[in-house]
Amino acid sequence: ADFDAKKKRKVAEIYQALNSDPIDVAALRRMAISEGGLLTDEIRCKVWPKLLSVNTDDLPPLPAGKELREDNKDYQQVLLDVRRSLRRFPPGMPDEQREGLQEELIDIILHVLKRNPQLHYYQGYHDIVVTFLLVVGDRLATALVEKLSTHHLRDFMDPTMDNTKHILNYLMPIIDQVNPEVHDFMQSAEVGTIFALSWLITWFGHVLSDFRHVVRLYDFFLACHPLMPIYFAAVIVLHRQQEVLECECDMASVHHLLSQIPQDLPYESLISKAGDLFVQFPPSELAKEAAQQQAERTAASTFKDFELASVQQRPDTVLRQRFRERLRGEERLRGEERTKSILTKPRTNRFVKLAVMGLTVALGAAALAVVKSALEWAPKFELQIFP
């Protein structure tokens, strides 16, 4: 009963924020982050557009699918991906209904790509779009996805994977700040960050089987800075630190462990931890290390993974290929030299391990600072400082 009362109170607060003039977007962001997120799809239909500043009063009509599909260079790939997306629809949905939604999904994707020729389709994009389609319907989904694609997802939609790589390079520095032991173990295992690629580029839509968890995360990500998904990825790894450290210290074992994401994660506490870490170690502080990560890694073989991944966009093929290269005795840094360099690496700005501050739960001033910066972020800027 206590839970119901809390929920009722939250619903009331959300509607109060929606009905105030001007709309209280800061309050809506707080609601989306705090426990339970936005609670219902009905509320999401009203709040998601506000979080992305999309005007719902004059949504453009959707063009007819036929003209979109003719002479569209991405049509075949989109079609294949959407056909494979069966498990992203609620189990027990009638085939007819699902097939209708899959057609809408294809049209939304092609529509956004046609209107924004600077954007490049990638495999996994449809996992994000289907989430919006199922929650808000096709017209609104089109507007939201278009805004998202030119903002939060912009880096994944470049012709090359350079910026996606750059974002993945934040993962290890975040882990390093919280748990140097896990960080060093992963470095020794040379596991790289490919295991988190599909998490990042689908906002976890592809890897979580329960739709409720997916939309809960979308509430959180839509309210936050575009780099928040990589903080969430780090928090998942840290949550599994015990398993990681008990794993064989080699690339195959650690990659296998991490790429199988547990379905029973404690989402609310992980969301609040990710928010805390963002406040403690904002991207601007980690940018130098992320850039250094890029430089150091080029010497190792992660760079090749990405070149392959961007050609094939299938991380598992990348791994198989890499094992073959290994078997051919690809020369690489000998283990002990590698370990030595890790142990002597100066640790930049190691904080005393702070107890989780519960900021996002309490939603103090810092959490607001996180979300205020959400849509003003320009990834290019950081890349210029640290080429």
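The values are calculated or read from the model by the stated rules, or taken from the named source; none is laboratory data. Owing to the predicted nature of the structure, the values given are computational and were not obtained by experimental measurement. Note: ideal-geometry Cβ built from the backbone for every residue, glycine included; neighbour counts use all protein chains shown. Note: areas computed on protein heavy atoms with side chains; ligands, DNA, RNA excluded. Shrake-Rupley method; radii C 1.70, N 1.55, O 1.52, S 1.80 Å.
For segment 41-96, give me the residue count where each residue is open to solvent by 50 Å² or more (accessible area, probe 1.4 Å), under 20 Å from residue 127 (Cα atoms) and of a type in the set (S, T, N, Q).
The qualifying residues number 2.
Give, as residue ranges, the helices (runs of 4 or more DSSP H) completely inside segment 17-133 that count at least 2 residues that are touching a residue at least 24 places away in the same chain (Cβ under 8 Å), assigned by the TED database to the domain that holds residue 267 and aromatic (Phe, Trp, Tyr).
Numbers: elements: 25-33, 41-51, 65-69, 75-83, 95-115.
Of the helices (runs of 4 or more DSSP H) lying wholly inside segment 17-133, none has at least 2 residues that are touching a residue at least 24 places away in the same chain (Cβ under 8 Å), assigned by the TED database to the domain that holds residue 267 and aromatic (Phe, Trp, Tyr).
For residue 198, are the conditions met, namely being open to solvent by 10 Å² or more (accessible area, probe 1.4 Å) and in contact with a Pro (Cβ under 7 Å, 6 or more places away or on another chain)? Write out each step before concluding.
Numbers: open to solvent by 10 Å² or more (accessible area, probe 1.4 Å): yes; in contact with a Pro (Cβ under 7 Å, 6 or more places away or on another chain): yes.
Spelling it out, residue 198 is indeed open to solvent by 10 Å² or more (accessible area, probe 1.4 Å) and in contact with a Pro (Cβ under 7 Å, 6 or more places away or on another chain).
Only residues that are over 22 Å from residue 255 (Cα atoms), among the acidic types (Asp, Glu) and not in a loop (DSSP other than H, G, I, E, B): list them for segment 137-194, please.
Once the filter is applied, which keeps residues that are over 22 Å from residue 255 (Cα atoms), among the acidic types (Asp, Glu) and not in a loop (DSSP other than H, G, I, E, B), segment 137-194 yields 138, 146, 155.
Does residue 203 fit the bill of being on the phi > 0 side of the Ramachandran plot and of a type outside the set (Lys, Arg)? Break it down into steps so the answer makes sense when it comes.
Details: on the phi > 0 side of the Ramachandran plot: yes; of a type outside the set (Lys, Arg): yes.
Judged against the criteria, residue 203 is a match.
Is it true that some residue in segment 90-103 is aliphatic (A, V, I, L, M) and either farther than 22 Å from residue 220 by Cα or in contact with a Pro (Cβ under 7 Å, 6 or more places away or on another chain) (or both)?
Yes, segment 90-103 contains a residue that is aliphatic (A, V, I, L, M) and either farther than 22 Å from residue 220 by Cα or in contact with a Pro (Cβ under 7 Å, 6 or more places away or on another chain) (or both).
Of (1) closer than 24 Å to residue 157 by Cβ; (2) buried (at least 17 other Cβ atoms within 10 Å of the Cβ); (3) of a type in the set (Gly, Ala, Ser), residue 37 satisfies all except one. Which?
(1)
Do we have residue 139 as in contact with a Ser or Thr (Cβ under 8 Å, 6 or more places away or on another chain) and not assigned by the TED database to the domain that holds residue 289 here? Show your work before the answer.
On the way: in contact with a Ser or Thr (Cβ under 8 Å, 6 or more places away or on another chain): no; not assigned by the TED database to the domain that holds residue 289: yes.
Considered against the rule, which asks whether it is in contact with a Ser or Thr (Cβ under 8 Å, 6 or more places away or on another chain) and not assigned by the TED database to the domain that holds residue 289, residue 139 comes out as no.
Check whether at least one residue in segment 229-237 is open to solvent by 40 Å² or more (accessible area, probe 1.4 Å) and either over 23 Å from residue 167 (Cα atoms) or not assigned by the TED database to the domain that holds residue 81 (or both), and report yes or no. Talk me through it step by step, then tell me what you get.
Step one: filter segment 229-237 for residues open to solvent by 40 Å² or more (accessible area, probe 1.4 Å), giving none.
No.
Of the residues in segment 122-145, how many are open to solvent by 30 Å² or more (accessible area, probe 1.4 Å) and under 17 Å from the mean Cα position of the chain (by Cα)? Steps first, please.
Residues of segment 122-145 open to solvent by 30 Å² or more (accessible area, probe 1.4 Å): 123, 134, 138-139.
Add one more test, that the residue is under 17 Å from the mean Cα position of the chain (by Cα), and what stays is 123.
Residues that pass the stated criteria total 1.
Within the bounds of segment 55-77, is there any residue that is more than 21 Å from residue 148 (Cα to Cα) and of a type in the set (A, V, I, L, M)?
yes
Can you pull out every residue in segment 244-268 that is part of a helix (DSSP H, G or I) and open to solvent by less than 50 Å² (accessible area, probe 1.4 Å)? So that I can check it myself, show each step before the final result.
Filtering segment 244-268 down to residues part of a helix (DSSP H, G or I) leaves 244-246, 251-259, 267-268.
Correct list: 244, 251, 252, 253, 254, 255, 257, 258, 259, 267.
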